[in-house]
1. What do you reckon, is Ser14 away from ligand 2 (no atom under 16 Å from the Cβ), part of a helix (DSSP H, G or I), polar (S, T, N, Q) and buried (at least 21 other Cβ atoms within 10 Å of the Cβ)?
2. Do we have Ala332 as under 20 Å from Gln221 (Cβ atoms), among the small types (Gly, Ala, Ser) and within 16 Å of ligand 2 (Cβ to nearest atom) here?
3. For region 456-489, enumerate the residues that are β-branched (Val, Ile, Thr) and modelled with pLDDT of 90 or more.
4. Would you please list the contacts, defined by Cβ atoms under 6 Å and residues six or more apart or on different chains, that run from a residue in region 389-413 that is over 17 Å from Val476 (Cα atoms) to a residue that is among the polar types (S, T, N, Q) and away from ligand 1 (no atom under 16 Å from the Cβ)?
5. Which number in (1) more than 16 Å from Asp297 (Cβ to Cβ); (2) modelled with pLDDT of 95 or more marks the one condition that Tyr52 misses?
6. Which condition number does Tyr210 fail, the rest of (1) more than 27 Å from Pro392 (Cβ to Cβ); (2) buried (at least 17 other Cβ atoms within 10 Å of the Cβ); (3) at pLDDT 95 or above being met?
7. Can you name every residue in region 233-264 that is under 20 Å from Gly321 (Cβ atoms) and modelled with pLDDT under 95?
8. Pick out, from region 53-152, the helices (runs of 4 or more DSSP H) lying fully within it that include 2 or more residues that are free of Cβ contacts under 8 Å to residues at least 24 places away in the same chain and within 30 Å of Tyr316 (Cα to Cα).
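The values are calculated or read from the model by the stated rules, or taken from the named source; none is laboratory data. Nothing here was measured: the structure is a model prediction, and the numbers come from that model. Cβ coordinates were reconstructed from backbone atoms using ideal geometry, including for glycine residues, and neighbour counts include every protein chain displayed.
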Amino acid sequence: MTSSPTSPVAVLDSVFGYDSFRGDQAEIIDHVVSGGDAVVLMPTGGGKSLCYQVPSLVRPGTGVVVSPLIALMQDQVDALAALGVRAAFLNSTLDSRTSAAVEADLLAGRLDLLYLAPERLVQERTLRLLDRARLALFAIDEAHCVSQWGHDFRTDYLGLSVLHERFPTVPRIALTATATRATHEELTSRLRMEGARHFVASFDRPNIRYRIVEKQQPRAQLLQFLRTEHPGDAGIVYCLSRRSVDQTAEALRAAGIDALAYHAGLTEQERAERQARFLREDGVVMVATIAFGMGIDKPDVRFVAHLDLPKSVEGYYQETGRAGRDGLPATAWMAYGLSDVVQLRRMIDQSEGSEAHKRSQRSHLDAMLALCETLGCRRQQILRYFGQDSPPCGNCDTCLEPPAGWDATVPVQKLLSAIIRLDRERGQRFGAGQIVDVLRGKDNPRSAQADHAALSVWGIGADLDEQAWRAVIRQVLARDLIAAVGDYGTLVVTEKAGPVLRGEERIELRKPSGTGAGARSRARG
Ligand code: ADP
Ligand code: ZN
């Protein structure tokens with residue numbers, strides 16, 4: 001490639017082999033080519049890369065791409081080199097001789113694109129190097145990493161505001177797939193992009209079918225899902241802990257599925273090898289913590305499964321967005337249960353952060369819980385979260401099999417009363433298991449010892465089975481009528497429960513799934 005002036009469409013065709021731009025790409029590229037700053041919010045798979053690659057080739061000089069994804073830089077540069085684009089990267093993995101060669105290429109105008117890790121860019125030495133080079137633009141990829149309240153915060157991103165003062169004539173384009181209004185505003189101000197033009201693409205991923213099932217035996221449920229819906233397909237299974245990643249991968253392998261584990265406890269080399277297998281081979285299932293996936297461009301990921309609840313809708317959207325980048329049907333499947341709510345709430349309560357930070361994490365989690373418990377269209381709820389209106393989609397579980405709601409006011413009153421009585425009359429607080437046994441009048445050693453059978457609430461909920469009660473508790477927790485506190489997740493009633501106890505508020509809950517006639521018919525007690 002030479003850097004002689006050509007049109008964006010000509011570059012799209014001759015370099016990338018595509019015949020037309022998608023969505024806002026043409027407009028974004030024109031704007032940046034003519035020297036404007038741009039903030040681009042586009043979902044994963046939307047085609048953000050071309051928005052800076054094409055202008056870097058059209059404008060004279062080198063396009064500098066800031067990316068936190070050091071592990072992917074080599075792949076990105078190789079892929080560009082295969083297209084004849086002169087690309088290189090500078091990060092901590094290079095030895096000094098290679099670095100020096102890259103720097104010489106930059107200064108001699110022999111690079112179309114240069115990828116830089118943020119910590120490298122903000123060094124004075126690098127800034128002085130860039131002072132001496134001819135620059136086409138700065139692209140700030142994964143720009144939401146500058147948001148301190150977001151889920152991917154990187155301190156070095158804060159230093160990127162310096163670009164505005166130091167290189168006022170070089171256009172900047174910030175890109176992210178995270179699009180809440182708060183993140184958008186925060187990255188705009190922190191990166192000093194107030195004068196930029198904003199391009200906000202639709203966040204709908206119509207080919208992804210969203211499904212959230214009630215967690216019972218998660219690994220068996222996952223296996224059933226893979227066997228019936230995605231045999232032989234490539235996909236990602238997310239788990240919260242390294243231990244559960246290892247165990248799940250093992251269980252899948254035992255069941256004959258080509259599954260690999262991926263988490264931060266592995267060596268860098270193990271991770272690189274497994275990632276390479278996932279990218280290059282067909283039908284590999286990657287079982288991973290969320291350490292895996294950022295920036296992974298594998299178009300034919302047919303499913304993303306969550307065995308644990310993500311901490312926010314942004315996280316869920318980003319992780320599920322790795323499915324179906326080729327536009328063909330894909331599934332976002334999640335198993336979600338009472339323990340997820342208790343565990344994530346506890347993680348927030350016990351975290352080190354400031355009160356403000358915890359408040360923000362709680363509200364992220366609450367939005368995620370609302371998505372799990374909704375009786376309406378999942379997609380509609382996700383898009384509404386990103387500030388976009390849309391009709392019910394017809395391609396999510398709640399659209400395809402609308403869940404029944406049931407009037408759970410009386411059971412919820414019984415639950416609240418049981419928690420209150422145990423606390424007031426006995427000074428005892430318990431987790432969900434013991435509360436359910438009291439409601440169902442089911443003897444256990446602890447009840448016998450404390451003579452719970454003498455309480456007025458003993459057995460008042462015998463008409464619902466244990467699973468139905470757990471579903472009630474989960475939904476009531478999700479609505480903040482009760483809270484699970486302390487190391488053992490003991491249940492306490494919150495001030496929001498008052499109107500329900502007084503009969504001033506009706507509670508409609510999702511009927512537990514897979515129970516046909518509903519919870520009542522399954523009652524044993
Ligand atoms: P993002 O960074 O937004 O997740 P990418 O830039 O990786 O998305 O693009 C996703 C996929 O779509 C890539 O395989 C890319 O080559 C392809 N793509 C992007 N723009 C176009 C286009 N205009 N025509 C055809 N394919 C495109
Ligand atoms: Zn829907």
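1. Working: away from ligand 2 (no atom under 16 Å from the Cβ): yes; part of a helix (DSSP H, G or I): yes; polar (S, T, N, Q): yes; buried (at least 21 other Cβ atoms within 10 Å of the Cβ): no.
Answer is no for this residue.
2. Values: under 20 Å from Gln221 (Cβ atoms): yes; among the small types (Gly, Ala, Ser): yes; within 16 Å of ligand 2 (Cβ to nearest atom): yes.
Here the answer is yes, as Ala332 does meet what is asked.
3. Taking region 456-489 and keeping what is β-branched (Val, Ile, Thr), we get 457, 460, 472-473, 476, 482, 485.
Across region 456-489, the qualifying residues are Val457, Ile460, Val472, Ile473, Val476, Ile482.
4. Ser390/Gln380; Pro392/Gln380
5. (1)
6. (1)
7. The answer is Leu240, and nothing else.
8. Details: elements: 70-82, 96-107, 118-121, 124-131.
It comes to 70-82.
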